[in-house]
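Worksheet: one structure, shown below.
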Amino acid sequence: MRIFDPHIHMTSRTTDDYEAMAAAGVRAIVEPAFWLGQPRTNPGSFADYFDSLIGWEPYRASQFGIRHHATVALNPKEANDPRCTAVLDLLPRYLAKDGVVAVGEIGYDSMTPAEDEAFAAQLALAVEYELPALVHTPHRDKARGTERTLAVVAESGIAPGRVVVDHLNEVTIGLVRESGCWMGFSIYPDTKMSPPRMVEILKEYGPERILVNSAADWGRSDPLLTRATGEAMLAAGFTDDDVDRVLWRNPVEFYGQSGRLDLSDIGDVDATFEGSSIKRGGS
Ligand SMILES: [Zn+2]
């Protein structure tokens, strides 16, 4: 099983994770720029972070045979801090870089006027730089947040097929599907989407325009839940080809629209995988 995780925050993960991901079949990832937990106080902190997303982290991934790409943006949460809004002026420099395959994560956290402004400005950058956009939906008030998100996307003039609206669930998929945007699902260990729920969605809607990610970060999350979802699909009667489409060809098609996806010389996927959660020593 070859896996492309289209949304994972490796900055907050360890080399054990890279090792386990490689053994599970993960060969390519996209790491979106996001909120790091500790609020940043100036644009320089973002510049250093963006540099690490296109420099250090791809190097770290490459040691495990994993191809790393990034998306850059001012995230919705920090768009509310006036000390950080100048990050918007930094973005053009990064959006021109080879390893950057989309603008993101953009969208809404609390749906404030400052978030409106940053969201629209960054969709305009995606159009200008001919890049796809990765759009985060709020974890609270999801239905209303998704509606408003789709309205802003439509107003921006970006082609819906170049936008993924992420962190969807059973309630929000219909709206996004109708819009023509791609549908992203983050599979989590104990809240929100799980592999069995994802399988039900795939049964109902089919694999078209669907992306499955682990969204693993510094919170409770599991970078191997992409693999677990593939296994749950097979157990439910989907074919290897269906799994390959959802976990590999779909993300390749979506981010391939950047013209910058480099998947040359990716190693064979071997069969050393033995279980769908990371076991750490000591317990
Ligand atoms: Zn994220």
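Rule-based calculations on the coordinates, nothing more; no lab input. Remember, predicted model here, so these are calculated numbers, not experimental data. Quick reminder, even Gly has a Cβ in these numbers, built from the backbone with ideal geometry, and neighbours come from all protein chains shown.
Which cross-chain or sequence-distant (5 or more) residues have an amide H under 5 Å from the amide H of Gly184, H modelled 1.01 Å from N in plane?
Long-range HN contacts for Gly184: Val165, Asp166, His167, Leu168, Leu211.
For the stretch 51-70 and the stretch 153-207, what is the centre-to-centre distance using only Cα atoms, to the nearest Å?
Taking the Cα centre of the stretch 153-207 as reference, the centre of the stretch 51-70 is 27 Å away.
Sorted by packing (mean other beta-carbon atoms within 10 Å per residue), highest first, where do 1-10, 182-191 land?
Top of the packing list down: 1-10, 182-191.
Which far-off residues, 5 or more places away or on another chain, put their amide H under 5 Å from the one on Ile3, with H placed in the peptide plane?
Amide H neighbours of Ile3, under 5 Å, 5+ apart: Val26, Arg27, Ala28.
Please quote Rg/Rh for the stretch 1-78 to two decimal places, taking the Kirkwood radius as Rh and restricting both calculations to Cα atoms.
0.99
Determine, for the chain, the count of lysine pairs separated by eight or more sequence positions (or lying on different chains) whose alpha-carbon distance falls under 27 Å.
Taking the chain as the scope, the lysine pair count is 7.
Can you tell me how much longer the chain between Tyr59 and Val127 gets when fully stretched, taken as 0.36 nm per residue apart minus their C-alpha distance, in nm with one decimal?
Additional length available on full extension: 21.6 nm.
Taking θ = phi - 60°, what integer Hz values does the Karplus form 6.51 cos²θ - 1.76 cosθ + 1.60 yield along the stretch 16-27, in sequence order, with x for Gly and Pro?
4, 5, 4, 4, 5, 4, 4, 5, 7, x, 6, 10
Set the Förster distance to 45 Å, then compute FRET efficiency between Asp262 and Arg144 from the Cβ-Cβ distance, nearest 0.05.
Here the calculated transfer efficiency is 0.70.
Per the Kirkwood definition applied to all pairs of different Cα atoms, how many angstroms is the hydrodynamic radius of the chain?
The answer is 18.7 Å.
Specify the angular offset, from 0 to 90 degrees and rounded to the nearest 10, of the alpha carbon long axis of helix 43-54 from the longest principal axis of the alpha carbons in the chain.
The answer is roughly 30 degrees.
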